[in-house]
Amino acid sequence: MSSAQPPGRVVGVDLGSRRIGVAVSDSRRSVATAVTVLARNPQRRHDHLALAGIVESYEAVSVVVGLPLSLSGAAGPAAAGVLEEVDQLRRALTVPVETVDERYSTVVASTAMRSTGRNAKRQRSVIDAAAAQVLLQGWLDRANVASRTEF
């Protein structure tokens, strides 16, 4: 964790078109845990209010949102939509919001779930939270490595 980051929990968010996966770190920022999946509301402000409630209930100090870049690393239409919503979240939440590359988070989460015996149909209800956990854990791991190499 860099000195610019205040200590505390971080919320990871996987913004999907139908569902929002949510994960939360521990206060030491070493482990991410999948916590819930929110069904999308036709009005985004309701989704943002629900996320604000999660941030508040976990006393989170920041939010990390997965950015669906293409395999080449370019930002396509899906990434543009997420960036637009991230701008809205920055206005709706009282904590910093940043993005993290999520190119493989759903694939990694799905593979892990299959290895525990969950089939695709049984995964649907929790895959988004698992993807949020994967993207948040990746962010935590990179932040922890960076903090150990700072002088």
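The values are calculated or read from the model by the stated rules, or taken from the named source; none is laboratory data. Predicted model, so just to flag it, every value in this text is computed and none were measured. Cβ placement follows ideal geometry from the backbone for every residue including glycine, while neighbour counts extend to all protein chains displayed.
Modelled with pLDDT of 65 or more and under 18 Å from L71 (Cα atoms): which single residue out of A131, A109 fits that description?
Within the list A131, A109, the selection yields A131.
Using beta carbons and a limit of 8 Å, which pairs, at least six apart or on different chains, have the first residue in region 123-148 and farther than 23 Å from V37 by Cα and surrounded by fewer than 20 Cβ atoms within 10 Å (Cβ to Cβ) and the second one among the aliphatic types (A, V, I, L, M) and modelled with pLDDT under 90? So the pair list comes out as A143/M1; N144/M1; S147/M1.
If you check L89 against the conditions, is it at negative phi and in contact with a helix residue (DSSP H, G or I) (Cβ under 8 Å, 6 or more places away or on another chain)? Judged against the criteria, L89 is a match. Do we find that V95 is at pLDDT 90 or above, surrounded by fewer than 20 Cβ atoms within 10 Å (Cβ to Cβ) and in contact with a helix residue (DSSP H, G or I) (Cβ under 9 Å, 6 or more places away or on another chain) in this structure? Spelling it out, V95 is indeed at pLDDT 90 or above, surrounded by fewer than 20 Cβ atoms within 10 Å (Cβ to Cβ) and in contact with a helix residue (DSSP H, G or I) (Cβ under 9 Å, 6 or more places away or on another chain).
The listed residues are A50, A23, A60, A34, and the only one of them that is touching a strand residue (DSSP E or B) at 6+ places or on another chain (Cβ under 7 Å), modelled with pLDDT of 95 or more and either aromatic (F, W, Y) or part of a loop (DSSP other than H, G, I, E, B) (or both) turns out to be A60.
Results for (1) of a type in the set (V, I, T); (2) touching a Ser or Thr at 6+ places or on another chain (Cβ under 7 Å); (3) surrounded by 21 or more Cβ atoms within 10 Å (Cβ to Cβ), shown as yes or no for each residue.
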residue	(1), (2), (3)
L15	no, no, yes
R28	no, no, no
V55	yes, no, yes
Y58	no, no, no
V63	yes, no, yes
S72	no, no, no
